[in-house]
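Worksheet: one structure, shown below.
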Amino acid sequence: QVQLVESGGGLVQPGGSLRLSCVASGIIFGRHVMGWYRQAPGKQRELVTNVDTNGRTNYADSVKGRFTISRDNAKNTVYLQMNSLKPEDTAVYYCNAWRATVTYWGQGTQVTVSS
C-alpha cells in the first residue's frame, strides 16, 4: 500500500518560513520523481516544484528564489523549504510521486499566510 504523508503546514505571518515534509512508503522512493503541488480555494491544483531521480529541480515562476525542494532517498522523504511567504501562497499543499504512468498523492497539508 502506497502512502505519502505530509506534515509541517500551519499558520505563518507574511515574510515567515515553513518547512514541509513528505514521507513515502510502499514505493521505491529513489525511482520516483517527487513533487509538491498546491491548490488554493476556487483555483486549480498547480505544480509548485519537483525533483527528479537525478536531483534536478523545477520550480514555478511564482516561487523561484523563495522555495527549495530537496529529497533524502535514505529516509524516503521529500522536503519543501518555504521562505519569504506571501498571502498568495496560502493553499493546501500536496506531495506527489510519479514514475512512468503511475502517480500517487498525499492527503495534503494546509498552509495559511496571514497577519
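The values are calculated or read from the model by the stated rules, or taken from the named source; none is laboratory data. None of these values were measured; they are calculated from a predicted model. Backbone-built Cβ (ideal geometry, glycine too); neighbour counts: all protein chains shown. Accessible surface areas use protein heavy atoms only, side chains included; no ligands, DNA or RNA. Shrake-Rupley method; radii C 1.70, N 1.55, O 1.52, S 1.80 Å.
Among what's in segment 77-115 and is β-branched (V, I, T) and out of contact with any strand residue (DSSP E or B) (no Cβ under 9 Å at 6 or more places or on another chain), pick the residue that is most open to solvent (accessible area, probe 1.4 Å). Steps first, answer last, please.
Let us first name the residues in segment 77-115 that are β-branched (V, I, T), namely 77-78, 90, 92, 101-103, 109, 111-113.
With out of contact with any strand residue (DSSP E or B) (no Cβ under 9 Å at 6 or more places or on another chain) added as a condition, the list becomes 101-102.
Details: T101: 135, V102: 65 Å².
Only one residue tops the list, namely T101.
Does segment 16-24 contain at least one residue that is touching a strand residue (DSSP E or B) at 6+ places or on another chain (Cβ under 9 Å), free of Cβ contacts under 8 Å to residues at least 60 places away in the same chain and over 19 Å from P87 (Cβ atoms)? There is at least one residue in segment 16-24 that is touching a strand residue (DSSP E or B) at 6+ places or on another chain (Cβ under 9 Å), free of Cβ contacts under 8 Å to residues at least 60 places away in the same chain and over 19 Å from P87 (Cβ atoms).
Got a number for residues in segment 67-108 being assigned to a strand (DSSP E or B) and over 13 Å from L4 (Cα atoms)? Break it down into steps so the answer makes sense when it comes.
Quick first cut of segment 67-108, residues assigned to a strand (DSSP E or B) only: 67-72, 77-82, 91-99, 102-105.
From what is left, the residues that are over 13 Å from L4 (Cα atoms) are 67-72, 80-82, 91-92, 99, 102.
Selection size over segment 67-108: 13.
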